[in-house]
Amino acid sequence: MSYLDLQLFSTSTVLYIAPSGIQLFLSENQFNLLGKNANSLRISETLNTHSFALIVIHVDSYCLDCLSPDLFENYKNLVMILGDTHHGKEPLSKLIKWLLSSNVQRIANYSCPHHDEIITKLTGIECIYFPIIFAVKFWIYPKITSSDQNIIHLGSISKNHERRKYVMKSLVNKMVPIQFVKLFGFKMNLALNYSAAVINCSLNNDISHRISETMSAGTLVFTDKLTQHQRFLSILENENIIETYDISSIDKFADHLNYFKNNYLKTTSGLEDSYKKKINRQNKFRSLIRELDLYRVLKKFLFLEEVILPNALIPLSTQLKPKYIEEHLTDYEEKMETHRQLIAKNNNKLLISQINSNRLLLRLADYYTVLNESGQKYQ
């Protein structure tokens, strides 16, 4: 059963506004929808002619312009489902200004977990990252591993993905057989299911949809070492649901992939073992969802009920003091992409002189190898 069957909003007293046209887990006959054609006039007319117990706004960094906080000034029961806040020009600061003028009570974030702390501390609105739920659209029974299956990379590789370009080029140069795929929806899920393994290279050092989507089919996912801001990620690693690689040791990762290819995809015993691990991996992932009771927690959270969050959803402290948050936000928006490109061009190593913010230096030092002018690792 997927979350699509759960009908979290099966009441006519809920208004779901999705101006981006994205409808993640609801069908039109289950609730009152203002979708891709939503604009201030339509929303205003709807609010003036109907009464709702709850309004859910589903936005990302591309669709705030069509909404004004003033539209909802008479509604206290207002919650937000928050998508992509990384791409676009100054999306996060724009969102924060919007939230400060709004009546939003809670935010369920599903795209950029490390933004939770910034949003919560700058707006006072509780923002929680909900993994899995918004990503697993289909559960697919794991496909038997066969020798003709590929190791794939699924996603974009553009000028904004310098780290991915570096990783993939390095692996190809090491003769790792990678198939590059760019698909969406059910076709994407089928591709994940038919693959022997999936390579994930995050844009943000965050846990991403790709991990949950891959786990919906039980397929092995190799991902770069991610920020430990989320306890949920630690669970995935500790349970061996995902495997991580170190970008600074790309040769070692290439050898590991070639070993996987030669020992799991070329022998009968290896293929059988790989298939058993697929089933075990998916079962562990399903069990994790049930144990955390994520669907019920999300429903209570969005319906503004009293809810005790499982520890896995409570972020680890990043020790960002409130007075540094705005500096951190500015650093993120103006400099993070530039530093990612520097990282890629310098084999994932940075000199302190290339980082013009102490606060950002501390953050990057958690993710990458930062060197002082003598070439020694920054501590």
Selection from the range 235-273 of residues that are surrounded by fewer than 13 Cβ atoms within 10 Å (Cβ to Cβ) and closer than 26 Å to Asn109 by Cβ: Asn238
Options Ile178, Ile242, Ile199, Ile211: the member that is aliphatic (A, V, I, L, M), touching a Phe, Trp or Tyr at 6+ places or on another chain (Cβ under 6 Å) and closer than 21 Å to Thr145 by Cβ: Ile199
Selection within the range 177-215 - buried (at least 21 other Cβ atoms within 10 Å of the Cβ) and β-branched (Val, Ile, Thr): Val198, Ile199, Ile207, Ile211, Thr214
Residue match in the range 137-145 (condition: surrounded by fewer than 21 Cβ atoms within 10 Å (Cβ to Cβ) and among the polar types (S, T, N, Q)): no
Residue check for Lys121: assigned by TED's automatic domain parsing to the domain that holds Lys94, modelled with pLDDT under 90 and among the basic types (Lys, Arg): yes
Enumeration of residues in the range 160-197 that are of a type in the set (Val, Ile, Thr) and without any contact (Cβ under 8 Å) to a residue 60 or more places away in the chain: Val172, Ile178, Val181
Extreme residue, nearest to Asn311 (Cα to Cα), among residues of the range 252-269 that are at pLDDT 90 or above and touching a helix residue (DSSP H, G or I) at 6+ places or on another chain (Cβ under 8 Å): Phe253
For Lys278: the one exception among (1) touching a residue at least 60 places away in the same chain (Cβ under 8 Å); (2) part of a helix (DSSP H, G or I); (3) surrounded by fewer than 19 Cβ atoms within 10 Å (Cβ to Cβ): (3)
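Looking at the range 125-145, which of the residues that are more than 26 Å from Leu292 (Cβ to Cβ) and not aliphatic (A, V, I, L, M) is modelled with the highest pLDDT?
Looking at the filtered set, the residue picked out is Lys143.
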Enumeration of residues in the range 177-196 that are within 29 Å of His115 (Cα to Cα) and aliphatic (A, V, I, L, M): Val181, Leu183, Met188, Leu192
Flag for Thr223 being among the hydroxyl-bearing types (Ser, Thr, Tyr), under 19 Å from the mean Cα position of the chain (by Cα) and buried (at least 21 other Cβ atoms within 10 Å of the Cβ): yes
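The values are calculated or read from the model by the stated rules, or taken from the named source; none is laboratory data. Since we're looking at a predicted model, the values are computed, not measured. We place every Cβ from the backbone using ideal geometry, glycine too, and count neighbours over all the protein chains shown.
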